[in-house]
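The values are calculated or read from the model by the stated rules, or taken from the named source; none is laboratory data. It should be emphasised that the depicted structure is a prediction, and the values quoted were computed from it without experimental measurement. Cβ atoms come from the backbone with ideal geometry, glycine included; neighbour counts cover every protein chain shown. Surface areas here come from the heavy atoms of the whole protein model, side chains and all, with no ligands, DNA or RNA. Shrake-Rupley method; radii C 1.70, N 1.55, O 1.52, S 1.80 Å.
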Amino acid sequence: MRLGSTLNIAFRALRRNKLRSVLTALGIIIGVAAVIAMVGIGNGAKAQVEAQIASLGQNVILIFSGSTTSSGIRTGWGGAGTLKIEDAEAIRREVPGVTAVSEEVASTTQVAAGNQNWFTRIYGESADYFDLRQWPLADGAPFTPQDVRSANKVCVVGHTTATQIYGNDDPVGQILRIKNVPFTITGVLTPRGLSTQGVDQDDVVVMPYTSAMKRVVGGTTLRNINVQAGDAHQIDAAQQQIVSLLRQRHNIRPGRDDDFTVRNQQEIAEAATATSRVMTLLLGAIAGVSLVVGGIGIMNIMLVSVTERTREIGVRLAVGAHGRDILTQFLIEAVSLSSIGGLIGIIFGVGASKLLSIYAHCPTLISIGSIALSFFVSAGVGVFFGFYPAREAARLDPIEALRYE
Amino acid sequence: MKNGEVVRLIDVEKTYRTGEMEVRAVRGVSLQIQRGEFVALMGASGSGKSTLMNIVGCLDRPSAGRYLLDGADVSGLERDQLADIRNRQIGFVFQNFNLLPRTSARENVELPLLYGDHRLSNAQLREKADRVLASVGLEGREDHHPSQLSGGQQQRVAIARALVNDPEVVLADEPTGNLDSRTSVEIMGIFQQLNDRGITIVMVTHETDIAAYARRNVIMRDGVVLNDSAVTRRLDAQTELERITRSTTER
């Protein structure tokens with residue numbers, strides 16, 4: 001086979017036009033680097049969102065109180081106050097597969113200790129909450145089921161709240177005044193950072209929901225109920241049973257709407273990752289355009305090259321090159337340019353995303369798959385955009401090519 | 001040295017069609033060239049000599065008639081088959097040298113070997129190219145690029161390229177057209193040396209003094225052979241060069 005010779009010929013030709021080869025490859029280098037970096041950013045964002053969804057806990061079902069309409073004004077979810085403590089207890093008791101339940105009430109208020117005060121969110125929860133949300137304590141201990149039953153004045157503080165009020169001091173065992181009621185801090189939560197919506201998840205105080213309802217939030221209804229299923233297969237069944245149980249308890253006749261809303265974690269995760277998937281797609285598409293532009297650059301240079309090297313092609317044909325040899329030569333030139341450009345582009349792309357994550361604190365995630373894909377795409381770009389010029393070269397008539405000025 | 005016919009043209013015609021116009025460039029040429037001949041093909045522009053040269057060089061196919069190269073009919077061959085014939089049996093020398101730019105003399109000479117069927121290592125290619133370059137007096141210039149060589153040296157590289165595959169016949173199209181008179185004589189000297197070694201040469205030229213270095217002159221006009229005769233007062237390049245050198249030193 002003549003492939004060895006043809007490779008040899010193509011590389012000699014590329015070396016003869018070093019600057020041009022480098023500039024042509026540059027189009028592909030930029031294109032591939034852009035694809036790698038952009039997809040890396042998109043995937044990084046997606047991974048971050050997924051990590052935060054996971055921080056919600058595993059196999060979690062959220063039940064929100066319904067909305068109510070009063071004088072034509074509709075409140076949001078939780079406004080109707082349709083969820084009762086007894087509903088949560090019924091779920092705990094009657095729905096199979098449920099491993100943890102946390103009754104939740106929430107409020108925002110001013111908290112104070114010594115001469116410091118801070119405006120923060122108050123969550124009332126059951127003792128299951130920390131397991132359910134997979135949120136361990138950094139220091140101290142969580143409140144106990146006994147604390148919940150007795151509505152004790154104890155609480156756990158988030159990392160932000162702790163530092164805002166106590167600075168570097170240890171808050172465990174200290175007294176925190178909430179609406180002038182002294183609460184003993186039993187523990188400090190591990191820091192979680194910002195949520196996908198940009199809310200500081202550590203700016204909280206968590207206490208027994210009984211204490212919260214009695215002393216802070218007021219009212220007799222729950223904002224929502226957090227439920228955890230034993231494993232992923234049980235989520236759907238548990239969700240259905242919760243719906244029918246609550247409809248029965250709330251005396252909702254068939255055909256009427258629920259006065260509550262049930263969401264499971266997968267639905268929330270899907271909604272959130274859909275956004276980042278669209279972002280990845282968009283960034284990738286923009287970068288892909290630059291790769292196509294790079295390909296057109298190759299085609300352009302190869303066409304110029306064919307025209308400029310018409311005499312050379314004539315000589316090659318005269319000394320015995322077949323049309324196929326010329327075709328292969330120019331194709332190899334195009335593919336070499338694009339795949340070498342692709343390799344360099346991968347290096348630059350990986351470097352760029354590393355720099356972005358270090359200096360712009362932008363999470364990036366580069367997979368072997370995206371590297372392999374961009375390499376083969378760039379080689380494919382070479383074949384696709386190199387074929388037309390190469391065929392033009394192969395079809396030249398030797399006599400006319402030799403006479404070309 | 002083998003004997004016999006290398007080129008045999010039988011009633012060869014070539015007609016070009018450009019739109020409505022029909023151009024009969026060659027109108028029935030029969031010609032035989034024996035092994036070891038040195039033929040100068042002459043004629044004014046439009047006489048059909050270049051077209052005939054392209055047919056002999058297997059770059060073009062005759063519209064009618066037959067062409068036997070080394071006894072085999074090549075007039076009906078396909079494009080790629082003709083390419084193989086050119087690679088193995090024909091060496092080309094052009095007026096404008098047609099060397100690959102920014103490519104060393106050695107790599108230019110290796111070019112026909114790259115398209116052959118033989119499998120030579122890079123070292124063998126190199127050795128073969130260097131040997132042929134030395135035989136045309138370019139020892140030590142193997143790595144020079146065309147831009148670093150004089151016109152005469154470039155044409156020697158082209159001759160080396162034509163010779164590297166040991167062709168049946170070397171075809172030279174106005175080989176001295178771009179050279180000064182002294183260099184032209186030098187190139188003719190190389191052709192005469194090659195011819196003395198038994199290599200068949202067909203050269204297109206319109207200069208009578210250049211044609212006088214050949215052994216046989218074929219003159220064409222309007223697509224037919226007007227005159228075909230042996231050269232009676234053949235010039236010897238060696239003698240001519242000495243004469244030129246003498247006259248310049250005397251001056």
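Antiparallel versus total DSSP beta bridges in region A:83-258: what percent is that, nearest 5?
Taking every DSSP beta bridge within region A:83-258, about 75 percent pair in antiparallel fashion.
What Kirkwood hydrodynamic radius, in Å, does region B:30-98 give when the mean of 1/r is taken over all pairs of distinct Cα atoms and then inverted?
Answer for region B:30-98: a Kirkwood hydrodynamic radius of 13.3 Å.
Given a 1.4 Å probe and the protein chains all in place, what does the accessible area of A:S55 round to, in Å² to the nearest 10?
20 Å²
Go ahead and run the numbers for FRET between A:D169 and A:R256, Cβ-Cβ distance against an R0 of 60 Å, rounding to 0.05.
Numbers: r = 54 Å, r/R0 = 0.91.
Efficiency, from the Cβ-Cβ distance: 0.65.
Counting DSSP beta bridges with both partners in chain A, what percentage is antiparallel, nearest 5?
Bridges in chain A are about 80 percent antiparallel.
Once phi is turned into ³J(HN,Hα) by the Karplus curve 6.51 cos²θ - 1.76 cosθ + 1.60 with θ = phi - 60°, what whole-Hz value does each residue of region A:314-323 show in order, with x for glycine and proline?
Once rounded to whole Hz, the list reads x, 4, 4, 5, 5, 8, x, 6, 7, x.
Amide H to amide H, which residues 5 or more places from A:A138 or on other chains are under 5 Å from it, using H placed in the peptide plane?
The list, which skips near neighbours in sequence, is A:V188, A:L189, A:T190.
Using Cα positions and a limit of under 29 Å, work out the lysines in reach of A:K179, with same-chain residues fewer than 8 apart set aside.
Straight-distance partners of A:K179: A:K84, A:K153, A:K214.
Quick check on region B:122-216: take the gyration tensor over C-alpha atoms, sort the square-rooted eigenvalues as a ≥ b ≥ c, and tell me if it's rounded (a/c under 1.5), prolate or oblate.
oblate
What fraction of the Cα pairs in chain A, stated in percent, has a spacing above 26 angstrom?
67 percent
Could you name the aspartates and glutamates whose alpha carbon sits less than 18 Å from that of A:K18, not counting residues in the same chain fewer than 8 places away?
A:E308, A:E312, A:E333, B:E107
Compute a Gaussian network model of chain B, connecting alpha carbons closer than 10 Å, and tell me which residue from B:Q95, B:Q124, B:Q192 fluctuates the most.
Per the Cα network of chain B with a 10 Å cutoff, B:Q124 tops the list.
Identify all lysines with a Cα-Cα distance to A:K46 below 28 Å; exclude those on the same chain that are fewer than 8 residues away in sequence.
A:K354
Within region A:194-221, find all residues whose amide N lies under 13 Å from a label point positioned 7 Å from the Cα of A:R177 along Cα-to-beta-carbon.
From region A:194-221, the list is empty.
Gain in length, A:A54 to A:L26, computed as 0.36 nm per residue apart minus the alpha-carbon separation, to one decimal in nm?
Working: separation 28, 0.36 × 28 = 10.08 nm, distance 4.12 nm.
Length gained, A:A54 through A:L26: 6.0 nm.
Give me the compactness ratio for region A:328-398, meaning the Cα radius of gyration over 2.2 N^0.38 Å.
Normalised Cα radius of gyration, region A:328-398: 1.50.
Specify whether the C-alpha gyration tensor of region A:179-222 places it in the rounded, prolate or oblate class, a ≥ b ≥ c being the square roots of the eigenvalues: rounded for a/c under 1.5, otherwise prolate if a/b is larger than b/c and oblate if not.
It comes out oblate by the Cα gyration axes.
Please list the three semi-axes, largest first and in whole Å, of the ellipsoid equivalent to region A:83-258, using sqrt of 5 times the eigenvalues of its alpha carbon gyration tensor.
32, 17, 14
Of B:T176, B:T200, B:T103, which has the largest mean-square fluctuation in a 10 Å C-alpha GNM of chain B?
Result: B:T103 has the largest fluctuation of those listed.
Along the charge dipole of the protein assembly as shown, which of A:A274, A:A33, B:V204 sits closest to the positive end, that is, farthest toward it, with unit charges on the beta carbon of Lys, Arg, Asp and Glu (+1, +1, -1, -1)?
The one lying farthest along the dipole's positive direction is B:V204.
Normalized C-alpha radius of gyration of region A:145-187, against 2.2 N^0.38 Å?
Numbers: Rg = 10.8 Å, N = 43, 2.2 N^0.38 = 9.2 Å.
Taking the Cα Rg and dividing by 2.2 N^0.38 Å, one obtains 1.17.
How well do other chains shield peptide A:317-329, expressed as the mean number of their Cβ atoms within 10 Å of each residue Cβ?
Going residue by residue through A:317-329 and averaging, the value is 6.
Heavy-atom accessible area of A:T307 with all protein chains present, probe 1.4 Å, nearest 10 Å²?
The value for A:T307 is about 70 Å².
Just how far, in whole angstrom, is region A:23-67 from region B:103-162 if you go by their alpha carbon centroids?
Centre-to-centre (Cα) distance: 58 Å.
Relative to the present Cα-Cα distance, how much length would full extension add between A:R93 and A:T220 at 0.36 nm per residue of separation?
Extra length from A:R93 to A:T220 when fully extended: 43.7 nm.
Among DSSP bridges having both ends in chain B, what percentage is antiparallel? Round to the nearest 5.
Antiparallel: roughly 60 percent of the beta bridges in chain B.
Take the Cβ-Cβ distance between B:D80 and A:R15 as r, set R0 to 41 Å, and report the resulting FRET efficiency rounded to the nearest 0.05.
After rounding to 0.05, the efficiency reads 0.90.
Using the Kirkwood radius built from alpha carbon pairs, what does the Stokes-Einstein equation give as D for region B:5-250 at 37 °C and 0.692 mPa s, in µm² per second? Please list the in-between numbers first.
Working: Rh = 18.7 Å.
For these conditions, the coefficient is 175 µm²/s.
Under 5 Å between amide H atoms, partner at least 5 residues away or on a different chain: which partners does B:V204 have, H built in plane at 1.01 Å?
Sorted by chain and number, the residues that satisfy this are B:L41, B:A172, B:D173, B:E174.
How many nm separate the modelled label positions at A:I286 and A:N117, each set 7 Å beyond the Cα in the direction of the Cβ?
For the pair A:I286/A:N117, the computed spacing is 4.6 nm.
So between A:I347 and A:L3, what do we pick up on full extension, going 0.36 nm a residue minus the alpha carbon distance?
120.9 nm
Residue-wise, which Karplus ³J(HN,Hα) couplings in Hz belong to region B:151-156, taking 6.51 cos²θ - 1.76 cosθ + 1.60, θ = phi - 60°, and x for glycine or proline?
Running phi through 6.51 cos²θ - 1.76 cosθ + 1.60 with θ = phi - 60° gives x, x, 5, 4, 5, 5 Hz.
Return the long-range amide H neighbours of A:L83 (sequence gap of 5 or more, or a different chain), with a cut-off of under 5 Å between placed amide H atoms.
Distant-sequence amide H within range of A:L83: A:G66, A:L222.
Can you work out the FRET efficiency for the pair A:S150 and A:I296, with r the C-beta to C-beta distance and R0 = 56 Å, to the nearest 0.05? Display every interim value, and only then the final one.
Working: r = 75 Å, r/R0 = 1.33.
Efficiency, rounded to the nearest 0.05: 0.15.
Would region B:81-151 count as rounded, prolate or oblate if I go by the C-alpha gyration tensor, calling it rounded below 1.5 in a/c and otherwise prolate when a/b exceeds b/c, oblate otherwise?
Oblate.
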